[in-house]
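Below you'll find the structure, written out as structure tokens, and then a few comments.
Nothing in this text is a laboratory measurement; each read-out follows from the coordinates by a stated rule. Note that the coordinates shown come from a computational prediction; the quantities given were computed from them, not determined experimentally. Don't worry about glycine lacking a Cβ; one is built from the backbone with ideal geometry, like all the others, and counts go over all protein chains shown.
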Amino acid sequence: MFEGRKCIHHEIVPARQGWARRVERGDTLVITDLEGQQAVDFLCFDADDPADRYSATNTIKVQGNVHIGLGSVLYADSGKALMRVVEDTIGRHDTIYGCCSIANNRLRYGVETTQSCYTNFEGILAPFGLGREAIVANINWFMSVPILEDGSAGVAEAARQPGSRVGLLAETDVLVALSNCPQMHNPCNGYNPTPILVQLYRAGEGSDTSSV
Ligand SMILES: [Zn+2]
């Protein structure tokens, strides 16, 4: 998959932490669940017009499916293609359940927490001039939310193997923001948040294939 591509960035995102970066058009972001069973909450924006952001509804409707996986395109509100899934060892990922927050931990579980994907997003988006209005329904990589016939849904207990990964090709210059989910009150992280690896690959700069 990455023959002819050079790894230009390699970084471990510790458990419970957020991460954001501008990704240039044509580069591929690879997210690896190093230890398994770790959900990664994800947003992306047009880097040159961050008000044009990932749209779950456009992405779901255009593809006619509430799950995303290999070949899925992540569309913005404007209809612009932001990123495309070019590698996927899992097969399907959640688009509807959004991120954990102090508010929904209180509402769902009756607990007061201090860490959440929402607070991570607030922290990592602020340096880019983005506030709470930028936190929309996000993608949950490596997370399964089955929907039953009666419409009921919930986070599934799903065994995700260590080394599971997704590769996302930037179709335009994008700002990506992710939260290595700290949730401890449902099975999305196996009740044990762990580090993930993020890498950026660029075409046409040598043939380093060593690090994936
Ligand atoms: Zn979370």
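Taking the DSSP beta bridges in the chain as the whole, what percent of them are antiparallel, to the nearest 5?
Details: 51 of 51 bridges.
Around 100 percent antiparallel, to the nearest 5.
Can you give the log10 of the normalised intensity I(q)/I(0) at q = 0.22 Å⁻¹, computed with Debye over equal Cα scatterers of the range 1-105?
-1.59
Pull out the extension gain between ILE147 and LYS6, defined as 0.36 nm times the separation in residues minus the alpha carbon to alpha carbon distance; nm, one decimal.
46.8 nm
Once you have the Cα-Cα distance between LEU70 and ALA51, take 0.36 nm times their residue separation minus that, and quote the gain in nm to one decimal.
Stretched out fully, the LEU70 to ALA51 stretch lengthens by 4.2 nm.
How would the chain be classified by its alpha-carbon gyration tensor: rounded, prolate or oblate, with rounded meaning a/c under 1.5 and the a/b versus b/c comparison settling the rest?
Note, shape of the chain comes out rounded.
Using a Förster radius of 35 Å, what is the FRET efficiency between TYR191 and ARG132 based on their Cβ-Cβ separation? Nearest 0.05, please.
So the FRET efficiency works out to roughly 0.80.
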